[in-house]
Structure formats: C-alpha cells, structure tokens
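Right, one structure below, let's go through it.
Quick note: the coordinates plus some simple rules give every number you see, no bench work behind them. Keep in mind that what you see is a predicted model, and the values were worked out from it rather than measured. Every residue, glycine as well, gets a Cβ built from its backbone with ideal geometry; the counts of neighbours run over all protein chains shown.
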Amino acid sequence: MAVYLIFTLPDGEETKVHLSSSLIVGRAETCDVVLRESGVSSNHCSFVIDKDGKVQVQDLKSSNGTFKNGNPIKKTFLQVNDILKIYKVKVSIDGRKLNQEERDSIGFTKIVDVDMELTLPGLSVTKTKKPT
C-alpha cells in the first residue's frame with residue numbers, strides 16, 4: 001500500500017513523505033523526518049502502518065505533545081481526513097491516490113447528507129448539505 005503523509009509547515013510549505021512501514025518524526029538529525037521547529041522534541045512521534053493497513057501514530061513523550069483534530073494523543077490511528085499537529089506543523093494522509101479498498105482500510109470518512117438545524121434567539125436555520 002502506498003500511503004503518503006503531507007507535512008504542512010507554518011509558512012504553508014508542503015512536503016509529501018512516503019510511509020511504507022514506519023518512521024520517526026522529530027528535531028534530531030537521526031529521525032526519518034526532521035522538523036527544525038523549536039517546539040518539536042528530538043524524537044517527537046512515530047508513524048507505523050499496522051498489519052491491517054491502518055496508520056498508527058504515537059507520541060514519544062514529547063514536551064509539547066501531539067494532537068489529532070485538536071485533542072492530545074498518546075497513541076491513536078490516523079484517518080484520511082484527520083489533522084495531526086506536531087507543534088506548529090500539520091500532518092495529514094494524502095488520500096487522493098488511494099483506491100477505495102485502501103481508503104476503507106485506513107478509515108476514510110465519507111461525507112453523507114447531513115441535516116443541520118441552528119437556532120439562535122430570533123433566528124432558525126435548517127440546512128441540508130449534499131455530498132461533495
């Protein structure tokens with residue numbers, strides 16, 4: 001399976017990295033992916049593709065933590081539409097070249113019709129969002 005991680009730096013620059021089995025991310029030159037940001041720990045986190053093809057990320061006791069969709073993590077699975085933050089660097093899975101079987105194994109979340117109702121004092125809005 002060809003899984004690519006997209007690292008987006010604070011200035012908007014993107015780097016795509018192939019994840020074939022595992023890699024370590026951190027500030028140390030010995031890491032597979034080196035992030036030269038002051039808030040990134042020497043060995044910040046690791047990525048592993050498990051036997052089922054899912055991408056697992058683990059914080060390696062970093063000083064500033066690792067966050068998935070805004071929540072601190074110790075160890076979790078990363079899905080196609082998740083955003084991981086390593087200090088100020090965003091990491092996501094590039095799902096554009098994955099076939100449906102690969103998307104399913106990683107945990108791609110498909111957007112379906114959503115009914116939303118918003119009620120504020122003096123205002124009521126009902127909206128339906130169609131799949132994109």
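A simple spin-label model places pseudo-atoms 7 Å from Cα toward Cβ; at Leu60 and Lys90 they are separated by 2.5 nm. Close amide H pairs (under 5 Å, H built 1.01 Å from N) link Asn81 with Thr109, residues at least 5 positions away or on another chain. Taking each residue as 0.36 nm, the span from Ala28 to Lys16 lengthens on full extension beyond its C-alpha to C-alpha distance by 2.4 nm.
May I ask you to list the residues of the stretch 10-34 whose amide nitrogen lies under 17 Å from a point 7 Å from Cα along the Cα→beta-carbon direction of Phe67? Within reach of a label on Phe67: 10-12.
In a DSSP loop and with at most 16 other Cβ atoms within 10 Å, there are no chymotrypsin sites (Phe, Trp or Tyr not before Pro) in the stretch 1-103.
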